[in-house]
Amino acid sequence: MDDMLKDFCAESKGLIDQMAEILEKVEADPSQFKALEEFGQIVDRIMGSAKFLALNYPLDHPLHAMANFAELCKLIGYKASQTTNNPNLITVVVAFLFDATEALGTMTYVIDTDQTKMLNELLTKTFLDRLQWLATKFDENLRATVSITKESAKSTQDDIDAILKQMGVKR
């Protein structure tokens, strides 16, 4: 593994720890759901760095999958940060994001493995079913980024499907 990739993985592990701290805070008090926007901003840093670094690697390198996986986490985090008066949904989202955050952490340790093998282990049917279920729970008018334009608010399922398609997952 080259030095840039090692540095990226080391920095990502620190960011993943910060993400877990935010999830712990929201898990303890679902009324703190707005903190999931900060979660989204942190995972966005991982996504952006992974996408930039991935430009130096072939399309089948796991870094591309990690970038897309981080994008899924960002999407769910931002949407959930705008979901008011639904502590039960926030509890489910936090549990999902804990699993996804753990998977991102795993990716930093197996970044030099086969992308297909990594995705098959992480994108289980259960994970994908939960992701699809969550997509139905968010108002389509919620933004998926920090952007406040109407263009940023579109179907959550469409967003998820586009990301999964980039990862080679057919649903």
query = Which residues, counting only those in region 14-49, are within 18 Å of the chain's Cα centre (by Cα) and either polar (S, T, N, Q) or at pLDDT below 95 (or both)?
reply = GLN18, GLN41, SER49
ask   = In this structure, does PHE8 turn out to be aromatic (Phe, Trp, Tyr) and within 27 Å of ASN86 (Cβ to Cβ)?
value = no
request  = May I ask you to list pairs of residues, at least six apart or on different chains, whose Cβ atoms are under 7 Å apart, with the first in region 21-37 being closer than 13 Å to THR91 by Cβ and the second being of a type in the set (Ser, Thr, Tyr) and in a helix (DSSP H, G or I)?
outcome  = LEU23/THR101; PRO30/THR91
task = Could you figure out which of (1) of a type in the set (Phe, Trp, Tyr); (2) outside any helix (DSSP H, G or I); (3) touching a residue at least 12 places away in the same chain (Cβ under 8 Å) isn't true of TYR57?
result = (3)
query = Only one of PHE138, PHE98 is hydrophobic (A, V, I, L, M, F, W, C), at pLDDT 80 or above and closer than 15 Å to ALA70 by Cα; which?
reply = PHE98
Lone unmet requirement of (1) within 22 Å of ASP159 (Cα to Cα); (2) of a type in the set (Asp, Glu); (3) not in a helix (DSSP H, G or I) for ASP44 = (3)
task = For GLN157, state whether it is modelled with pLDDT under 90, on the phi < 0 side of the Ramachandran plot and surrounded by 15 or more Cβ atoms within 10 Å (Cβ to Cβ).
result = yes
key: region 8-32, residues that are surrounded by fewer than 22 Cβ atoms within 10 Å (Cβ to Cβ) and either among the charged types (D, E, K, R) or more than 26 Å from TYR109 (Cα to Cα) (or both)   = GLU11, LYS13, ASP17, GLU21, GLU24, LYS25, GLU27, ALA28, ASP29, PRO30, SER31, GLN32
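The values are calculated or read from the model by the stated rules, or taken from the named source; none is laboratory data. Predicted model, so just to flag it, every value in this text is computed and none were measured. Neighbour counts are summed over all protein chains in view; Cβ atoms, including those assigned to glycine, are modelled from backbone coordinates with ideal geometry.
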